[in-house]
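The values are calculated or read from the model by the stated rules, or taken from the named source; none is laboratory data. Note that the structure is a prediction, hence the values are computed from the model and not measured. Heads up, the Cβs are rebuilt from the backbone with ideal geometry, glycines too, and the neighbour counts pull from every protein chain shown.
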Amino acid sequence: MYTERFDKRNFNELRPMEAETGIVPNAKGSARFRIGNTEAVAAVYGPEEVKPRHIEKADRAVILCKYDMLPFSVPDRAKPGMDRRDIEISQVITNALNRAIILEEMPRAMINIRVYITQADAGTRCASLTAASMACADAGLPMRDLVAAVAAGKIGDSVCLDLTKEEEDFHEGEGATDVPIAFLPSKNEIVLLQLDGRVSKEDLKKIVEIGKEGAMKIYELEKKALKRRFSNESKS
Ligand code: UDP
């Protein structure tokens, strides 16, 4: 049984969040997104010449995305270099952004995206996607929508929003199921859905619903951060 959350949050409550854009002066666009003790910093370069040349597409841009957990982001120092998990997360971020960015408007170009995790307490792929999509908007790339992403899941008998690492590691009874989800909110489109654990069809529906409600709050915060940035820019 998991009747009260370790950090006393309601089951449908997100951790405290912060979002800001334009934080890396030498990138075309950048953003930072923090949710609880998980923080992602994203920087976007391009549209630029495609390298290596053989991945160039005549009718659209290609996205090259790298996710990296900094060594000091977790209690047991993360190993430098890309492991299988980093490659998988880079790929799922790319897949989601392929739906968000209007690549056809930038043929023969490359969009280079770097995401660094400065602190990790679960939900880093979702925080990365949220930060990366804000950075793309900050770079002025043509987009169908921002991506708003959050993990939801089930711990014991309770459907939960925005799991911490301590919750992901819950081992009593049925244990924990973690479902990272990303939306294009204004299109009502899911661009990432993964599942780690076991869950019934009915519970998966509840998890997606609670995830969607959380993502809408993240979406509002993203839009606020971008508005703040562009209104400051127009003043200077
Ligand atoms: N983690 C860690 N060391 C690692 C990889 C992951 O401590 O080398 C922790 C980190 O807190 C991460 C969590 O495990 O956020 C869950 O990782 P998972 O692969 O499920 O992806 P995430 O939830 O971060 O998207």
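Just need a number here: residues in region 118-138 that are out of contact with any Phe, Trp or Tyr (no Cβ under 6 Å at 6 or more places or on another chain) and crowded, with 24+ Cβ neighbours inside 10 Å. I'd like the intermediate steps shown before the answer.
If we filter region 118-138 for residues that are out of contact with any Phe, Trp or Tyr (no Cβ under 6 Å at 6 or more places or on another chain), which is where we start, we get 118-126, 129, 132-138.
The next check asks that each one be crowded, with 24+ Cβ neighbours inside 10 Å; those that pass are 122-126, 129, 132-138.
Total meeting the criteria: 13.
Could you say which residue among 151, 225, 139 is in contact with a Lys or Arg (Cβ under 6 Å, 6 or more places away or on another chain) and among the small types (Gly, Ala, Ser)? Criteria check complete, one pass: 139. Of the residues making up region 91-128, those that are closer than 17 Å to residue 44 by Cβ and within 12 Å of the ligand (Cβ to nearest atom) are 93, 115, 117, 127, 128. Regarding region 186-209, can at least one residue be identified that is buried (at least 24 other Cβ atoms within 10 Å of the Cβ), assigned to a helix (DSSP H, G or I) and under 15 Å from the mean Cα position of the chain (by Cα)? No. Of all residues in region 55-77, those satisfying the criterion of being over 21 Å from the mean Cα position of the chain (by Cα) and modelled with pLDDT under 95 are 75, 76, 77. Taking region 13-71 as the region of interest, the strands (runs of 3 or more DSSP E) fully inside it that hold 2 or more residues being closer than 23 Å to residue 225 by Cα and of a type in the set (Ser, Thr, Tyr) are 38-49. Only one of the numbered conditions (1) in contact with a helix residue (DSSP H, G or I) (Cβ under 6 Å, 6 or more places away or on another chain); (2) among the basic types (Lys, Arg); (3) more than 16 Å from the ligand (Cβ to nearest atom) is violated by residue 66, and that is (3). Would you check if residue 33 is over 15 Å from the mean Cα position of the chain (by Cα), among the hydrophobic types (A, V, I, L, M, F, W, C) and surrounded by 14 or more Cβ atoms within 10 Å (Cβ to Cβ)? No; evaluated as a whole, the condition is false for this residue.
Which one of 84, 60, 77 is touching a Pro at 6+ places or on another chain (Cβ under 7 Å) and within 12 Å of the ligand (Cβ to nearest atom)? Break it down into steps so the answer makes sense when it comes.
On the way: 84 fails: touching a Pro at 6+ places or on another chain (Cβ under 7 Å); 60 fails: within 12 Å of the ligand (Cβ to nearest atom).
Just a single option satisfies the conditions, and that option is 77.
Selection of region 79-113 for residues being free of Cβ contacts under 8 Å to residues at least 24 places away in the same chain and in contact with a Ser or Thr (Cβ under 8 Å, 6 or more places away or on another chain) yields only 82.
A Cβ distance below 8 Å, combined with a sequence gap of six or more or placement on separate chains, defines the contacts here; from region 114-125, residues that are more than 21 Å from residue 176 (Cβ to Cβ) reach residues that are more than 9 Å from the ligand (Cβ to nearest atom) and in a loop (DSSP other than H, G, I, E, B) in the pairs 116/70; 118/70.
If you filter region 141-163 down to residues that are touching a Gly at 6+ places or on another chain (Cβ under 7 Å) and within 20 Å of residue 221 (Cα to Cα), you find that the one that is farthest from the ligand (Cβ to nearest atom) is 161.
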